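Each value in this text was obtained by applying a stated rule to the coordinates, not by laboratory testing. Just so we're clear, the structure is a prediction, and the values are computed from it rather than from any experiment. Here the Cβ is made from the backbone with ideal geometry for all residues, glycine too, and neighbour counts use every protein chain on show.
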Amino acid sequence: MSDTSTSTPVSEDDAIDALTGLVTWLAGELVDEPEQATVSASRRGNHIAVRLALPEAYLGQVIGRGGRIARSLRTALMVAGSRHDVRVSLDIEGAEAVDPDVELDA
C-alpha cells in the first residue's frame, strides 16, 4: 500500500537549519579548525541571510583566489535555498579567534 497523503510543507526553521548546517559543514571542510567557525542566520520574509564568521587567518581558505571558493559556496547555498523556496545570501566575515581553553568572565 502506498501513502497518498501530500507531503508536509517545510517549516521556516527547517530551511534555516538546513542552510546553516550546509555552511557549517562546508566551512568545516575548508579550514584547519572547524570549531573556530560560527554560522548564524536570520530570516526576513522570503530571504535568509547566512553569516559565516571565522578568524582572519582562515579567510583566505574560505574565500579562495579571486573569490572562487566563496562564489562556489554562494552557488551551493542558492541551490539549497531554492529547494526551500527562499533566497539566500552569504556574508563571510573575519572575527577574533576563539580559544577553547580560555573561559570568558560573565
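In terms of the mean number of neighbouring beta-carbon atoms within 10 Å, the peptides 46-53, 59-66 order highest first as 46-53, 59-66. Taken over the Cα atoms of segment 10-68, the convex hull encloses 94 Å³ per residue.
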